[in-house]
Amino acid sequence: MGFWSYLVDRLAIVVGLVAGVLLSGLALLARGVDVRVFVEVACVVCACVLAGLLLDWLRRREFFCRLREALDALESKYLASELVGRPTTLEGRLMYDALARESKAMTDEVEAERLAQREYRDYVETWIHEVKTPIAAARLVAQNHPDAATAAMDRELVRIEGYAEQALYYARSTSVDRDFAIRSVSLDELVRGALKANARTLIDARISPELGDLDFEVRCDPKWLTFVLGQILVNAAKYRKPAGPDGGLEPARLRIGARRRQSEADARVTVLSVADEGVGIPSEDVDRVFDRGFTGQNGRRFAKSTGIGLYLVRSLCKKMGLRVTLASQVGRGTTVSIEFPDTGR
């Protein structure tokens with residue numbers, strides 16, 4: 001709030017002052033008062049009024065400057081009243097009280113929404129844990145009575161289990177304070193664990209993993225990263241090249257390896273790469289594949305897609321302090337890379 005803006009806002013007071021001085025001067029001059037005396041008195045009066053206006057402007061400006069700084073510093077703007085003191089001016093106090101009431105109302109609404117989200121997340125997690133039991137039982141029945149029908153049913157149960165796991169991690173991704181622990185782990189063990197957990201999916205898609213150098217220690221949450229790798233492996237199977245004219249799938253490779261390199265910030269990072277030989281992603285879709293709900297051309301042409309898998313990959317990697325990138329070429333395949341901060345080992 002500039003001083004000129006302040007004066008314009010109090011234009012009525014300024015006009016009244018000028019009119020009062022002029023009328024007083026005319027009255028004094030009519031009674032024979034010297035013009036110089038009138039000018040001196042008028043200057044003193046105007047100087048005193050101007051000084052008063054300046055001091056009043058400074059008092060008000062201090063509050064509004066503190067309020068603006070608080071708004072610029074806060075992500076949750078409704079908490080601004082908590083960072084500024086109650087002003088001394090009347091209109092400032094009225095504004096502060098209104099802000100405080102609005103802040104309390106918004107804080108109550110935000111807390112209620114957080115509580116509702118927490119309760120819903122708890123329900124989803126509990127439901128998913130409960131539904132895993134009948135899924136496991138159904139898979140056991142299918143495996144104990146092997147035939148073509150039960151084999152097909154087992155494959156569908158694997159998909160259901162994968163979707164349930166995806167929903168579980170989606171619910172957990174909104175809160176990092178539960179079931180989340182960063183520690184040093186063997187990258188080789190993590191990759192082999194993810195391959196074992198998704199072996200059935202890769203076998204059905206006739207995809208053979210080829211492991212490169214994985215003898216690295218990285219810092220992450222092992223359970224979360226195993227899930228992330230699982231989503232990448234499932235995508236490699238889902239978007240592999242379609243069957244040929246005879247209806248058979250050609251064997252495909254999945255190359256997994258890691259290396260150390262310098263990052264853009266001139267720090268060493270460990271880069272894990274998973275490269276498939278699938279259909280590839282159109283160039284216009286590559287920049288959006290990590291967006292929530294984005295399915296792209298492949299999601300419509302080759303498989304029913306939810307657009308959640310790669311969104312969770314990026315979201316969980318971000319929460320673990322990892323960087324994930326994707327490069328792809330139509331007809332050649334897709335490479336997903338995950339960067340881990342260097343642990344020095």
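The table that follows gives values for the structure above.
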{"item": "Charge dipole (the chain, unit charges on Cβ, about Cα centre) - positive-most of G212, T226, S5", "result": "G212"}
{"item": "Extension gain, E109 back to C48 (0.36 nm per residue minus Cα-Cα distance, nm)", "result": "17.1 nm"}
{"item": "Rounded Å value of the spacing that divides the Cα centres of segment 318-342 and segment 154-170", "result": "23 Å"}
{"item": "Mean separation of Cα contacts under 8 Å (6+ apart) over length of the chain, as relative contact order %", "result": "11 percent"}
{"item": "Flagged links, alpha-carbon separation over 22 Å, of K132/K196; K104/K319; K196/K318; K238/K319; K238/K318", "result": "K104/K319; K196/K318; K238/K319; K238/K318"}
{"item": "From phi via Karplus (6.51, -1.76, 1.60), per-residue ³J(HN,Hα) for segment 225-231 in Hz, x at Gly/Pro", "result": "5, 4, 5, 4, 4, x, 5"}
{"item": "Assigned charges on the beta-carbon of Lys, Arg, Asp, Glu; the chain dipole about Cα centre (debye)", "result": "300 debye"}
{"item": "Distance in nm between pseudo-label sites at R59 and E161 (7 Å out along the Cβ direction from Cα)", "result": "7.4 nm"}
{"item": "Over segment 193-345, equivalent-ellipsoid semi-axes from the Cα gyration tensor in Å", "result": "26, 18, 14"}
{"item": "Overall form of the chain per C-alpha gyration tensor (a/c, 1.5; a/b vs b/c)", "result": "prolate"}
{"item": "Anisotropy class of segment 127-211 from Cα gyration tensor, a/c 1.5 cut", "result": "oblate"}
{"item": "R0 of 22 Å, Cβ-Cβ distance A327-E250: FRET efficiency to nearest 0.05", "result": "0.45"}
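Each reported figure results from applying straightforward, stated rules to the coordinates on display, with no laboratory input. The structure displayed is predicted, hence computed values, not measured ones. Glycine gets a Cβ as well: all are built from the backbone with ideal geometry, and neighbour counts include every protein chain shown.
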